[in-house]
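The values are calculated or read from the model by the stated rules, or taken from the named source; none is laboratory data. Values in this document were obtained by computation on a predicted structure and should not be read as measured data. Quick reminder, even Gly has a Cβ in these numbers, built from the backbone with ideal geometry, and neighbours come from all protein chains shown. Note: accessible area is taken over every heavy atom of the protein model, side chains too, but ligands, DNA and RNA are not part of it. Shrake-Rupley method; radii C 1.70, N 1.55, O 1.52, S 1.80 Å.
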Amino acid sequence: MTLAALLATPGGAALSARSGTDAAGHARTVLTLAHPDPEVVAATRQHLLRACQERGVRAFVV
């Protein structure tokens, strides 16, 4: 339910998710944002980070 809610984050950029395991064996989900306008990506990223905080999901931007 949380992943579906995060993928529905508003902002205008398309969001997709890829799940897997990192080198240490921990489950990880990578969310990717895509849009030709960097300002739309930035706005969506901010909405996404806020949504993660509200749901107690640890997130970082790379």
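Quick notes
Conditions (1) β-branched (Val, Ile, Thr); (2) part of a helix (DSSP H, G or I); (3) loosely packed, with under 11 Cβ neighbours inside 10 Å; (4) out of contact with any strand residue (DSSP E or B) (no Cβ under 8 Å at 6 or more places or on another chain), marked per residue:
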residue: 10; (1), (2), (3), (4): no, no, yes, yes
residue: 15; (1), (2), (3), (4): no, no, no, no
residue: 18; (1), (2), (3), (4): no, no, yes, no
residue: 24; (1), (2), (3), (4): no, no, yes, yes
residue: 39; (1), (2), (3), (4): no, yes, yes, yes
residue: 51; (1), (2), (3), (4): no, yes, no, yes
residue: 57; (1), (2), (3), (4): yes, no, no, yes
residue: 62; (1), (2), (3), (4): yes, no, yes, yes
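- Every pair of residues 6+ apart whose Cβ atoms lie under 8 Å, when the first sits in region 1-27 and is farther than 19 Å from residue 41 by Cα and touching a residue at least 24 places away in the same chain (Cβ under 8 Å) while the second is open to solvent by 50 Å² or more (accessible area, probe 1.4 Å) and not in a loop (DSSP other than H, G, I, E, B): 2/55
- Residue check, residue 45 in a helix (DSSP H, G or I) and open to solvent by 80 Å² or more (accessible area, probe 1.4 Å): yes
- Residues located in region 7-31, provided they are among the β-branched types (Val, Ile, Thr) and over 15 Å from residue 62 (Cβ atoms): 9, 21
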